[in-house]
Structure formats: structure tokens, C-alpha cells
Amino acid sequence: MLSILLSVTLILLLCPNGASGQNIVCMMLHCKDESKNCMLDSDCRSALACITGCGTKNETCMFDCLYSYEDDVFDTFMKCAFTEYKCITMVSPDPDFRCKPPHLPLKTLPAQQLKGSWYIVLGLNPNFDCFDCQITTFYPSNNSNSLFVNEHFDVHTIDGKLKHKLVNETAMQNNASFQGLLEYKSMQMGHETTTEWRILYQDPKLSYMIGYYCGHVASDWYYEGSVVFSRNPELSSEIMTEVKGQMTTLGLPVDQFCAPKTSNCF
């Protein structure tokens, strides 16, 4: 009986206007332990309660909740209920949204030029690109067409804490005609994500590059953004002027980019 009550509670939290007997049966059959563990875990409960207060259209609110309270218990529950068995379906905040790539990717970009660590010094999407201390590191893999990617960043949580986050991904160079086109795969917050990254420009000294990405979680939940990667945590005023000139040429809205903190990181 306790497991049934826990599953019903989770269903009502996540979809108060769309709970059904089918949802509950699915949770009981496939995600009973994950549901129980979530309800017994304070962060998992807080994440679900917080998300419920956001409604279905406030994406910024949703991600504030997720980044503040997400933990391994929450990820395991989401993977079971959303990804593996689809007991609960995710409502897109904007079903009509589709990405609008500003430019073609680079035709030539050897993997060797990506390897190592890059600071994100400018970012476009406030939900994904403006965290402090974003450091992306590319590592070689056994497959010559792929790289391992580690993304470190800091999150200031709703309750005033600072969390150091890490996302592990795999990047594939699948198009020989456009080596600057990378397909990222990862599991984040219990969801399988696929993201197309385009490296739009890399300076001749290989000290910075400008990237754009378009990704999706569910079939109709798309997201996009753009960042400037730099080998150095800070850009001189001269280089910044050059970067913004290149961004304008690529059709990016320079005045909408944030400048995350990049000093004294980790």
C-alpha cells in the first residue's frame, strides 16, 4: 500500500492535470523502488515539488529547480519513469520551437585541435550557457571519430548553496565534409540527450572558437544556444573586440550574450 501511495503522489506532483490509471500501473510495475526512494529522499522530493510550482511553460523555473535539487536518486527515478518506461510524458514548454542554426559548421577541424580544456567566456542561453566556471575538456577515445567530453560548471542553488556539477558526454565527428559538426550523446537528469554542435569559427592561433548547438530531449522538446570557447580564462579587450566581430559576421546576437565568471575556478 505504501508503494502505491508513493507512486500516486509522484504522478500527481509531476502531472496534476494528467494523472491516469495507466500512469500509476506503469509506475507500480516498473518503477516501484525508484518511486519509493525518491519520496524518501529530501532532494528528490524537493525537486519534484519545485518543478510542480513552475507550471508547464516556465523553462527557467524548471531548470532552477533541477540544478538546485537534482541528485542520483532523482536521476534514477527520472530514467525509469520517463526514459525507460515512459510512465510519465514530458510536456514541452513550447511545442512549436525549432532550432535556427545561424551558419554552417567548419569544413576542417581536426580532433587534435579540440583536445584539452576550454573556458566558456560568453554564452547565449541563460538556462545552459551562463553558469560560473564552465570548463569543457575534450579527451581522446578509442574511436578516431569520437571524443569524450567533460563539462564542469558551478550552480548557485535556490537555497543559496554552491554546487559543482559535472556532465560526461561523447562527441562524434560523423560528417567528413564538415568536421566542425559534432553529435553529442549523454544521459542527463535521467534523460537521454542528443545535441548537434556546430563549431562555426576557430581563430588561426587556435586560442578561441565560436560554437552553436541544437539539442532535444523528447521528440518535441528542443533547446539551442551558443558559446565562445577560449583556451584562456579571460580575453583581452583587443581579442574580445575581434571575437564580437566574428560573432556579428556569423549572425549571432552579440548583445544577448552573458559573460560567466571564469577566474578562480576549481
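Do we have F74 as outside any loop (DSSP other than H, G, I, E, B), over 30 Å from H30 (Cβ atoms) and of a type in the set (F, W, Y) here?
Against the criterion (outside any loop (DSSP other than H, G, I, E, B), over 30 Å from H30 (Cβ atoms) and of a type in the set (F, W, Y)), F74 does not qualify.
Condition (residue is touching an Asp or Glu at 6+ places or on another chain (Cβ under 7 Å) and either in contact (Cβ under 8 Å) with a residue 12 or more places away in the chain or over 19 Å from F128 (Cα atoms) (or both)) applied to region 237-256: is it met by at least one residue?
No, region 237-256 contains no residue that is touching an Asp or Glu at 6+ places or on another chain (Cβ under 7 Å) and either in contact (Cβ under 8 Å) with a residue 12 or more places away in the chain or over 19 Å from F128 (Cα atoms) (or both).
Could you check region 187-233 and list, in sequence order, the residues that are assigned to a loop (DSSP other than H, G, I, E, B) and acidic (D, E)?
If the condition is that a residue be assigned to a loop (DSSP other than H, G, I, E, B) and acidic (D, E), then D203, D220 are the ones that fit.
Which residue out of K57, K79 is modelled with pLDDT under 90, among the charged types (D, E, K, R) and not assigned by TED's automatic domain parsing to the domain that holds A176?
Sole residue among the options that is modelled with pLDDT under 90, among the charged types (D, E, K, R) and not assigned by TED's automatic domain parsing to the domain that holds A176: K57.
Restricting to region 11-47, and then to whatever is hydroxyl-bearing (S, T, Y) and surrounded by fewer than 16 Cβ atoms within 10 Å (Cβ to Cβ), can you tell me which residue is modelled with the highest pLDDT?
S42
Can you report the number of residues in region 52-72 which are within 21 Å of H164 (Cα to Cα) and free of Cβ contacts under 8 Å to residues at least 40 places away in the same chain?
Qualifying residue count for the region: 4.
Of all residues being under 16 Å from V155 (Cα atoms) and among the hydroxyl-bearing types (S, T, Y) in region 60-76, which is modelled with the lowest pLDDT? Just the residue, please.
T60
Here are Y184, Y119: which of them is free of Cβ contacts under 8 Å to residues at least 60 places away in the same chain, surrounded by 17 or more Cβ atoms within 10 Å (Cβ to Cβ) and aromatic (F, W, Y)?
Selected residue: Y184, the only one of Y184, Y119 that is free of Cβ contacts under 8 Å to residues at least 60 places away in the same chain, surrounded by 17 or more Cβ atoms within 10 Å (Cβ to Cβ) and aromatic (F, W, Y).
For region 52-75, name all the residues that are more than 17 Å from the chain's Cα centre (by Cα) and crowded, with 18+ Cβ neighbours inside 10 Å.
If the condition is that a residue be more than 17 Å from the chain's Cα centre (by Cα) and crowded, with 18+ Cβ neighbours inside 10 Å, then V73 is the only one that fits.
Pick from region 158-168 the residues that are in contact with a Phe, Trp or Tyr (Cβ under 9 Å, 6 or more places away or on another chain) and free of Cβ contacts under 8 Å to residues at least 24 places away in the same chain: which of them is surrounded by the fewest Cβ atoms within 10 Å (Cβ to Cβ)?
L166
Restricting attention to region 82-98, which residues are modelled with pLDDT of 90 or more and either farther than 19 Å from E192 by Cα or assigned to a helix (DSSP H, G or I) (or both)?
Across region 82-98, the qualifying residue is only E84.
Can you tell which of K107, K205, K100 is out of contact with any strand residue (DSSP E or B) (no Cβ under 6 Å at 6 or more places or on another chain) and without any contact (Cβ under 8 Å) to a residue 12 or more places away in the chain?
Exactly one residue qualifies, and that residue is K205.
Could you check region 123-146 and list, in sequence order, the residues that are farther than 18 Å from C214 by Cβ and outside any loop (DSSP other than H, G, I, E, B)?
Passing the criteria: D132, C133, Q134, I135, T137, F138, Y139, P140, S146.
Out of all the residues in region 129-140, is one or more modelled with pLDDT under 95, more than 14 Å from the chain's Cα centre (by Cα) and surrounded by fewer than 20 Cβ atoms within 10 Å (Cβ to Cβ)?
Looking through region 129-140, at least one residue is modelled with pLDDT under 95, more than 14 Å from the chain's Cα centre (by Cα) and surrounded by fewer than 20 Cβ atoms within 10 Å (Cβ to Cβ).
The values are calculated or read from the model by the stated rules, or taken from the named source; none is laboratory data. What you see is a predicted model, and the numbers here were worked out from it, not measured in a lab. Because the Cβ atoms are built from the backbone with ideal geometry, glycine has one as well, and the counts that use them run over all protein chains shown.
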